[in-house]
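Asker: This is the structure I have questions about; it appears just below.
Every number here is computed from the coordinates shown, using simple stated rules; none is lab data. Note that the structure is a prediction, hence the values are computed from the model and not measured. Cβ coordinates were reconstructed from backbone atoms using ideal geometry, including for glycine residues, and neighbour counts include every protein chain displayed.
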Amino acid sequence: MTLASFADHASLLLLGAGLLLWFWGTWPLLESRSYLSKLHALSVADTLGSVLMLLGLLLRIPGQWPLLVLALLALILWNTIFGYVLANCSLASRREPEP
Amino acid sequence: MRRLLPLLLTTAFRLAVWCLLTADLSRLNLLIGLVVALLLPRAHSRPLPLRALLRALGRSLLAVPQAYLEALRLIVGREPQEEEISEATTDSTIPLLVFLDVFRITLTPFTIVLGLEDGGRRYRIHALRLRRSPAADPATGGPTP
C-alpha cells in the first residue's frame, strides 16, 4: 500500500469517526434530559468529533496545514470555553429563584 | 525572567497565530507580525511562575487523549449518573492558570466546570459517573445535595 492511499484511507476513517461522534452527541439534544448532561454529550460531539474531522482533512489536504492547524486550535479552545460559559450561565439561572 | 514571561508568551502566541494565518515565513511578514503582536493591547499581568505554567500546560495536553478515552467510555457505558464535585484551584490569582485548569477539566466529557466557589479557592464541577451494575445501584439515590 502506498503512503498516499494509506493517508486516504486513514482520513476516511477519521472523518467517519468524527461523524459518528457528531451524531452520538447530537441525539441527546433532542431528548428530555437535563441541560448539563446535554452539555456533556455536546462536548463529545462538538469538540472531539470536530477535531477528528479536522485531522482527517489534514491528511486529505496537507497543503492547507497552516489554516487547518489554526482551525484545530481555535476549535478546541473555543468549544471548550463555550461549554464552560454555558454551564456557568445555567448556574446563574438556577440561583435566581432564591432570595 | 518571571516578569518578562507574560510579555514573551503573549508575543510568541500572537506571532504564531499570525504565521499560521498568513502561511508566510518571509522576513518582512515576520516583522509585520511582530509589530502587530507588540501593538495589540495587553492585559496587565502578574509575574508568572514558570514551573506551575509548564505543569498546567502538560496536564492540559494530556487531557486530550484522556477526553477521547472518556468519550469511548461514555458511548459504550450505560446511562450515567450526575453529581457535583469540587476541586482545589492551582492558583486563582493568575488568570492564565485558571484558564488552563478550566480548559483541562471542561475538555473531558465527564466533567464541566460550573464556576469558582469558596472565594476562588475551589472549582465547582458538574460530573457524570457511570453506574457499576444495575444490582449495585437500586436507583434510590435521590437528588444529590
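Asker: Filter segment A:1-52 for residues that are part of a helix (DSSP H, G or I) and β-branched (Val, Ile, Thr); which is farthest from residue A:90 (Cα to Cα)?
Answerer: Filtering first and then ranking leaves A:51.
Asker: Identify, from the list B:25, B:39, the residue that is in contact with a helix residue (DSSP H, G or I) (Cβ under 9 Å, 6 or more places away or on another chain) and farther than 30 Å from residue A:48 by Cβ.
Answerer: After applying the criteria, what remains is B:25.
Asker: Related question: Which of the residues spanning segment A:1-49 are of a type in the set (S, T, N, Q) and touching a residue at least 24 places away in the same chain (Cβ under 8 Å)?
Answerer: The answer is A:11, A:43, A:47.
Asker: Tally the residues that are surrounded by 15 or more Cβ atoms within 10 Å (Cβ to Cβ) and in contact with a Pro (Cβ under 8 Å, 6 or more places away or on another chain), restricting the search to segment B:1-18.
Answerer: Here the count works out to 2.
Asker: Sticking with this structure for a sec: Residues that are more than 11 Å from chain B (Cβ to nearest Cβ) and either of a type in the set (Ser, Thr, Tyr) or surrounded by 20 or more Cβ atoms within 10 Å (Cβ to Cβ) (or both): does segment A:24-33 have at least one?
Answerer: yes
Asker: On to the next question. Kindly indicate whether residue A:55 is surrounded by fewer than 19 Cβ atoms within 10 Å (Cβ to Cβ), more than 9 Å from chain B (Cβ to nearest Cβ), assigned to a helix (DSSP H, G or I) and touching a Ser or Thr at 6+ places or on another chain (Cβ under 9 Å).
Answerer: yes
Asker: In addition: Pick from segment B:63-76 the residues that are in contact with a helix residue (DSSP H, G or I) (Cβ under 9 Å, 6 or more places away or on another chain) and touching a residue at least 12 places away in the same chain (Cβ under 8 Å): which of them is farthest from the other protein chains (Cβ to nearest Cβ)?
Answerer: Checking each candidate, the answer is B:66.
Asker: Please determine whether any residue of segment B:101-121 is touching a His at 6+ places or on another chain (Cβ under 8 Å), in a loop (DSSP other than H, G, I, E, B) and surrounded by 15 or more Cβ atoms within 10 Å (Cβ to Cβ).
Answerer: Yes, because at least one residue in segment B:101-121 is touching a His at 6+ places or on another chain (Cβ under 8 Å), in a loop (DSSP other than H, G, I, E, B) and surrounded by 15 or more Cβ atoms within 10 Å (Cβ to Cβ).
Asker: Here is a follow-up. In segment B:77-92, which residues are farther than 18 Å from residue B:125 by Cβ and away from chain A (no Cβ under 11 Å)?
Answerer: Scanning segment B:77-92 gives B:77, B:78.
Asker: Taking residue A:75, is it among the aliphatic types (A, V, I, L, M), within 12 Å of chain B (Cβ to nearest Cβ), closer than 18 Å to residue B:109 by Cα and crowded, with 19+ Cβ neighbours inside 10 Å?
Answerer: no
Asker: Contact list please: Cβ distance under 6 Å, first residue in segment B:92-119 and within 21 Å of residue B:81 (Cβ to Cβ), second residue among the aromatic types (Phe, Trp, Tyr), pairs at least six apart or on different chains.
Answerer: Cβ pairs passing all conditions: B:106/A:84; B:113/A:84; B:113/B:123.
Asker: Scanning segment B:10-58 for residues that are in contact (Cβ under 8 Å) with a residue 40 or more places away in the chain and part of a helix (DSSP H, G or I), which turns out farthest from the other protein chains (Cβ to nearest Cβ)?
Answerer: The qualifying residue farthest from the other protein chains (Cβ to nearest Cβ) is B:50.
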